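The values are calculated or read from the model by the stated rules, or taken from the named source; none is laboratory data. Just so it is clear, the structure is predicted and the values come from calculations on it, not from any experiment. Here the Cβ positions follow ideal geometry from the backbone for every residue, glycine too, while neighbour counts run over all protein chains shown. For accessibility, only protein heavy atoms count, side chains too; no ligands or nucleic acids. Shrake-Rupley method; radii C 1.70, N 1.55, O 1.52, S 1.80 Å.
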Amino acid sequence: AQFTFWRAVKSVQVEGGSPDAVGSVRRVTYTDGAVEELRIVELSDLSHSLSYEVFASTPPSRAAAALHSVRLIPVTHDGSTLVELAAEFAAPGEWTAAVVQDAAFKKKEMLEI
């Protein structure tokens, strides 16, 4: 999981664990200068899925916790792939709408390959 398909990603460094293992850490630097540290919490070749938690960010995130998932689903009739993105957040009540809106924007941007 290198996230280099995403145009907003400037660089990715693996900082902890084996690059292909649950528990490994990525330091993702975005083109706008933001930096997030992500921990891989699920990685499945069988279901073509990846889940990661954001445990640190600069500038600080308004979300107290964030868990993201990406799943690739083969479409058999035409050989294409459906990309399923999901996220769960914990945020103070006054920030919940802003956190969800920001995540929706970033997920849409992620799919603009």
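Structure values in brief
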quantity: Accessible area (Å², 1.4 Å probe, nearest 10) - Glu88; calculated: 120
quantity: Residue-level accessible surface for Thr31, protein heavy atoms, 1.4 Å, Å²; calculated: 100
quantity: Solvent-accessible area of Arg39 with every protein chain in place, 1.4 Å probe, in Å² to the nearest 10; calculated: 80
quantity: Of the chymotrypsin sites (Phe, Trp or Tyr not before Pro) in the range 1-59, those whose Cβ has at most 12 other Cβ within 10 Å and which sit in DSSP loop; calculated: Phe5
